[in-house]
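Asks: Shown below is the structure under consideration.
The values are calculated or read from the model by the stated rules, or taken from the named source; none is laboratory data. Remember, it's a predicted structure, so these values are computed and weren't measured experimentally. All Cβ positions, even for glycine, are placed from backbone atoms using ideal geometry, and neighbour counts span all protein chains on display. Keep in mind that these areas ignore ligands, DNA and RNA; they rest on the heavy atoms of the full protein, side chains included. Shrake-Rupley method; radii C 1.70, N 1.55, O 1.52, S 1.80 Å.
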Amino acid sequence: MKHLELPRQPLGFFPTPLHELANLGRVLGGPRIFIKRDDQTGLALGGNKVRKLEYIIGRALAQGADTLITAGAAQSNHCRQTAAAAASLNMACHLILGGSAQKTANGNLLLDQLLGAEIHWAGRHRKGEDIPKIEEELRNAGLQPFVVPYGGSNELGATGFVEALRELDSQTFAMQIDFDHIVFASSSGGTHAGLMVGKKLLKKDYEITGIAIDKVGSAEKSLPELILDLANATANYLETGFQIDTSDLILNENYTGAGYGIIGEAEREAIRLTAKHEGILLDPVYTGRAMAGLIGLIRKGRFKKNEFVLFWHTGGAPALFASADELSM
Ligand SMILES: *Cc1c(COP(=O)(O)O)cnc(C)c1O
């Protein structure tokens, strides 16, 4: 497989733990629920972007880059993990964040500062619209900048999740279990695309269900189109010889609530239940919403009692503190 030959910069601690959520399973009265702990990938409080960054930064270093540039929301987990990766590799990091300078930094933004990232405030441009300008300035200053795509979602980032399924496969083999479903938060598409390609490559039958976090994809494409295109770009890049088509894609868009980052009762319940019964922290934007989706599907009778469901924890808990006002009781 081609991805074994790609330059990969080790950044995280793998394999991440895989274990059962027996209490939550009992409380919800549904299927057996397991969790894959990508909140424990290492690198300044962890998260799913570490897997993507190993391949993306592998290429950056192969090209001689000394500076990383990326973009996101003020509470972006992706930006924080990129800043941590840069720090550990002695690279500079420029983050282009939506919004404007805040009096007191909290959550991921505080961590970005501690990790030494240079922050550029971009107003409404939270998806990297201002990257070309800053890239040019850095180049003119004699640096070798490398642009990490939004959310780390290109074919290299997705390759991190192809590899993640191989990791999962060896864990389930050792534990003598098999999953019927994998459920996770889907947003910029890299996690979802990588899991779809990995499933086909490994010839698995589990259903891969992304819970959409946001209603919109990009300006040009809907989220399903974006995920499918990225999955095919990844399959093609890895020379798998197969295609991914619409019938392979399961994206549940019923849990987007009032929009990106707006915490509703469903997210609050999911965060509290998982914390109280399992001692595990979810985040308000992604995993809280994805768990709310899983809980909703269990209550609708979507899974059989004897089925095995894996919740892929993609990280994000540092953002909890920036939402203290909405989460405290
Ligand atoms: C980025 C992120 C996701 C979404 O992953 P994508 O590959 O962008 O779809 C989910 N959860 C958390 C905590 C994230 O930071």
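Asks: Quick one: is Pro10 open to solvent by 10 Å² or more (accessible area, probe 1.4 Å), of a type outside the set (D, E, K, R) and either within 16 Å of the ligand (Cβ to nearest atom) or under 21 Å from Asp169 (Cα atoms) (or both)?
Replies: Answer is yes for this residue.
Asks: So Ile262 fits all but one of (1) part of a helix (DSSP H, G or I); (2) under 27 Å from Asp112 (Cα atoms); what number is the exception?
Replies: Just one mismatch for Ile262, condition (1).
Asks: Here's a follow-up. Just checking, does the range 266-276 include any residue being open to solvent by less than 30 Å² (accessible area, probe 1.4 Å), among the small types (Gly, Ala, Ser) and either in the same structural domain as Ala193 (by TED's automatic domain parsing) or touching a Cys at 6+ places or on another chain (Cβ under 9 Å) (or both)?
Replies: Yes, the range 266-276 has at least one match.
Asks: Tell me, which residue of the range 44-73 that is assigned to a loop (DSSP other than H, G, I, E, B) and under 21 Å from Pro318 (Cβ atoms) is most open to solvent (accessible area, probe 1.4 Å)?
Replies: Leu45
Asks: State the number of residues belonging to the range 74-94 that are more than 15 Å from the chain's Cα centre (by Cα), buried (at least 24 other Cβ atoms within 10 Å of the Cβ) and either more than 20 Å from Glu135 (Cα to Cα) or of a type in the set (Asp, Glu) (or both).
Replies: The qualifying residues number 0.
Asks: Please go through (1) at negative phi; (2) open to solvent by less than 60 Å² (accessible area, probe 1.4 Å) for Gly257 and return the number of the only condition it doesn't satisfy.
Replies: (1)
Asks: On to the next question. Kindly provide the set of residues from the range 278-293 that are within 15 Å of the chain's Cα centre (by Cα) and open to solvent by less than 20 Å² (accessible area, probe 1.4 Å), ordered by number.
Replies: Passing the criteria: Leu282, Asp283, Pro284, Thr287, Gly288, Arg289, Ala290, Met291.
Asks: Here's a follow-up. Can you name the residue in the range 294-329 that is within 13 Å of the ligand (Cβ to nearest atom) and in a loop (DSSP other than H, G, I, E, B) and is also surrounded by the most Cβ atoms within 10 Å (Cβ to Cβ) among such residues?
Replies: Of everything passing the filter in the range 294-329, Gly316 is surrounded by the most Cβ atoms within 10 Å (Cβ to Cβ).
Asks: If we only count strands (runs of 3 or more DSSP E) wholly inside the range 119-218, which ones have 3 or more residues that are surrounded by 22 or more Cβ atoms within 10 Å (Cβ to Cβ) and within 12 Å of the ligand (Cβ to nearest atom)?
Replies: Result: 181-186, 207-212.
Asks: Let me ask something else about it. Do we have any residue at all in the range 266-276 that's closer than 25 Å to Ala74 by Cβ and free of Cβ contacts under 8 Å to residues at least 24 places away in the same chain?
Replies: For the range 266-276, residues closer than 25 Å to Ala74 by Cβ and free of Cβ contacts under 8 Å to residues at least 24 places away in the same chain: present.
Asks: On to the next question. In the range 13-26, which residues are surrounded by 15 or more Cβ atoms within 10 Å (Cβ to Cβ) and within 17 Å of Ala292 (Cα to Cα)?
Replies: Residues satisfying the conditions are Leu21, Asn23, Leu24, Gly25.
Asks: May I ask you to list the residues in the range 95-118 that are in a strand (DSSP E or B) and open to solvent by 20 Å² or more (accessible area, probe 1.4 Å)?
Replies: Residues satisfying the conditions are Gly99, Glu118.
Asks: Pairs under 9 Å by beta carbon, first residue outside the structural domain of Ala22 (by TED's automatic domain parsing) in the range 290-305, partner in a helix (DSSP H, G or I) and charged (D, E, K, R), six or more apart or different chains?
Replies: none
Asks: When you go through (1) touching a helix residue (DSSP H, G or I) at 6+ places or on another chain (Cβ under 9 Å); (2) within 27 Å of Gly189 (Cα to Cα); (3) not assigned by TED's automatic domain parsing to the domain that holds Phe14 one by one for Gly157, which number turns out not to apply?
Replies: Result: Gly157 passes all but (3).
Asks: Go through the range 167-216 and give me each residue that's in contact (Cβ under 8 Å) with a residue 12 or more places away in the chain and small (Gly, Ala, Ser).
Replies: Selection gives Ser170, Ala185, Ser186, Ser187, Ser188, Gly189, Gly190, Ala193, Gly194, Gly198, Gly210, Ala212.
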